[in-house]
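One structure is given below, encoded as structure tokens.
Just so you know, all these numbers are worked out from the coordinates, no wet-lab data involved. Predicted model only: the values in this text are computed from it and were never measured. Positions of Cβ are backbone-derived with ideal geometry, glycine not excepted, and every protein chain shown enters the neighbour counts.
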Amino acid sequence: MSAGVPLIDLAPAREGGRAGRAHVARAIDEACRTIGFFAITGHGVPKPVVDELRGAAHAFFALPLAEKLRARHPIAGTNRGYHPVGGETLSASLDAPAPAPPDLKEFFHVGPVDTTGDPYYTSALGRRHFEPNLWPAAPAEFADVATTYYRTMSDLLRFLMRLAAVALEVDETFFDDKVDRSIGTMRLNYYPAQPVAPRPGQLRASTHTDYGGFTILSGEDVAGGLQALTRGGDWIDVATSPHTFVVNIGDLLMRWTNDRWLSTMHRVVNPPVAGGAHGARLSIAFFNHPNYDVLIECLPSQGPAKHPPVLSGNYRDLKYAKTGLTPVERR
């Protein structure tokens, strides 16, 4: 993997008992202290789960724009369904003094796939975060393979959060009831080929941090990819591939750890013009965001708090509003 982004094998934690979990937790702690990114193997996710969604996503984004727009949510800004190129500038979430041009990506937004009639989901507040998913008519398998992938990533996320608890010296189950009804989402990000040069300062995804807990990314080894900002102020390339997932932490996990772990600035750059490398790129990002009613405050193991407490749902609403997305209460 990239220099500065460690590769961590989860197999010892999955198969080796308490000692194995402690070993892997130490590696995660080191990565999150220094760069805020790490790559994982040995995660147990079957390759077909990844490949089938990637195949369906490529087929969807290859459709004519008019067909893709049929899967656009009728209420502007809703974080479900298809969003065309130019509809978002991620750097706006950072209150940058000079806004960047719109990001050169289109994406499909998927929310939680397993809800119930519990008031947590059906109350006025719950409906803001659990809008029903909107699925495209084609390809026919899209909804099924996306649902399977979402459930698989949810299981992996819960395992990673247990390792995080070990690393942070709290009870191993500390995060269980804080992420079990997550308001996180999954984005299928498609970065089209660039036959025309971008505008000055325009990127595939402008500089930002993620908002919640862990993000799990399945990417491609294609020119014009992910970069992370080191603590020393240097941008480094982060190699991505479909089955070796890249994991990074978001703002709320940084707050939970009292800045022990770093919510790292990152971006997706444009492909180089030289040599005609203008190829498209597909990345699948699974964003965990804690349950909307969880109060995020410094863990007892992490010393005097540097940040005031904040509700998980309120924090995401604020960030979404800055980038043009917003939860919508169903009437």
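Modelled label positions at Val222 and Thr41, each set 7 Å beyond Cα in the direction of Cβ, lie 2.4 nm from each other. Each of His129, His73 was scored by other Cβ atoms within 10 Å of its Cβ. Listed from fewest to most, they are His73, His129.
Between Ala76 and Phe159, what's the calculated FRET efficiency when r is the beta-carbon distance and R0 is 51 Å? Round to 0.05. Walk me through the numbers before you get to the answer.
Numbers: r = 36 Å, r/R0 = 0.71.
Calculated value: 0.90.
Relative contact order for the chain: 23 percent, from Cα pairs under 8 Å spaced at least 6 residues apart, divided by residue count. Here is what passes the span test in the chain: the DSSP H helices with alpha carbon length of 27 Å or more along the helix axis and a Kyte-Doolittle mean of -0.5 or above are 142-167. Restricting attention to the chain, close to 95% of DSSP beta bridges with both partner residues there are antiparallel.
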